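This report refers to the structure that appears directly beneath it.
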Amino acid sequence: MLNLAGGIRTLRDWSAVQWETVKNVDRIDRSVLLADLSQQHGSTTQLLPILEREGVAVVPDYWTAEKCAAARAEIDRVMEANPAAVQKNSCGSDRRLFGVEAGSELLAEFHRDPFPRSVGELLHGFELYNFATLGARIDATKENNGSGDGWHRDGHGFQYKSILYLSDVDDGNGPFEYLPGSHRLWRTAVDTVVRGLPPAPATRYTPEMIDRIVEGSGLKINRYTGTAGTLILADTTGIHRGRPLRSGARYALTNYFYHPHQINEARIQNFPPMVPGATDRVRAFCSDPDSTETHAATTVGASAAGNSRPVHGRSLGPRCFSSQSE
């Protein structure tokens, strides 16, 4: 049975999210930013078409194996120092700590890295802010459901993350999996109308739902293995998960990007407790989103005076008014 009402609801939900972005966020001057990025990272022009088409692009060897080993040790150290902020999912096999950038200078390097953020801005055309960096370790147990606790999308309209593998990741220890094309509105609407996907704002899906989409569309789930230091850039509007682990463990860092108007006290409260200092940074951004201390440190080409990335349109203005939930 066709679910036309669900398809219409999904279309309206995505359109509403996108309209809020258009109203409240400065557009990026894509030509200037692309030229800047291409000079610093020659692979940018190859990555963007893949990211637009598939929803995911991969940069191998983004960090060295030695740096990843040091980062794994840092995650363990910061978790041990902040036990109250460590979240445990999948019966304790998935340990997650938000705001690790506030507890480790090494981990803060990934948080401050302007390249992943800038690629996301090129992808969508609007300014982004790195809300927090997640440090995570997940171990193979009978109960683990993989990173993210099963198939889901992070939101409707547009969401974006950058994920850095700190461990070698093969088929057995939790590779990132993604349903290609599911980041597109038309695909989401079709899967809702024809294949029984729950309409927006639902974001969680059972394995049976994913099987229906794969069988009905002929799509193949993409699985992203890689050595430690592999960078994954993902439009997490698309349906994805961390594959349940059958062996070993997996460490990773994940940057959570949002548009500036989505950063507010409600967003902070909807997140788990973070490493001390991370929440203060976000609140400072809400109070003064144009501050060079809270914003320009992660800007490509920022000068010593804190010049921001090229944008056009109206002034940035206050951004802390959205009540959009997690």
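The values are calculated or read from the model by the stated rules, or taken from the named source; none is laboratory data. The structure presented is a predicted model; accordingly, all values stated were derived computationally and were not measured. Glycine gets a Cβ as well: all are built from the backbone with ideal geometry, and neighbour counts include every protein chain shown.
Let me confirm something: among P175, P180, which residue is surrounded by fewer than 21 Cβ atoms within 10 Å (Cβ to Cβ), in contact (Cβ under 8 Å) with a residue 24 or more places away in the chain and either farther than 23 Å from V78 by Cβ or in contact with an Asp or Glu (Cβ under 6 Å, 6 or more places away or on another chain) (or both)?
P180
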Which one is farthest from D36 (Cα to Cα), of the residues in the range 99-112 that are in contact (Cβ under 8 Å) with a residue 40 or more places away in the chain and buried (at least 20 other Cβ atoms within 10 Å of the Cβ)? G103
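Being in a loop (DSSP other than H, G, I, E, B) and of a type in the set (S, T, N, Q) is the requirement here; does T141 meet it?
On the way: in a loop (DSSP other than H, G, I, E, B): yes; of a type in the set (S, T, N, Q): yes.
It is true that T141 is in a loop (DSSP other than H, G, I, E, B) and of a type in the set (S, T, N, Q).
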Taking the criterion of being on the phi < 0 side of the Ramachandran plot and modelled with pLDDT of 75 or more, would at least one residue in the range 302-318 satisfy it? no
Listed residues G99, G92, G103, G135; which is out of contact with any helix residue (DSSP H, G or I) (no Cβ under 6 Å at 6 or more places or on another chain) and either closer than 30 Å to G42 by Cα or not hydroxyl-bearing (S, T, Y) (or both)? G92
Taking the residues in the range 81-96 that are part of a strand (DSSP E or B) and buried (at least 18 other Cβ atoms within 10 Å of the Cβ) as candidates, determine which candidate is modelled with the lowest pLDDT. N89
Looking at (1) within 27 Å of V58 (Cα to Cα); (2) over 14 Å from the mean Cα position of the chain (by Cα); (3) in contact (Cβ under 8 Å) with a residue 60 or more places away in the chain, find the lone condition where N82 falls short. (1)
Return a yes/no flag: does the range 204-220 have any residue that is part of a strand (DSSP E or B), crowded, with 17+ Cβ neighbours inside 10 Å, among the charged types (D, E, K, R) and touching a residue at least 12 places away in the same chain (Cβ under 8 Å). no
Restricting to the range 49-80, name every residue that is surrounded by 13 or more Cβ atoms within 10 Å (Cβ to Cβ), over 22 Å from R223 (Cβ atoms) and either modelled with pLDDT under 95 or among the acidic types (D, E) (or both). E74, D76
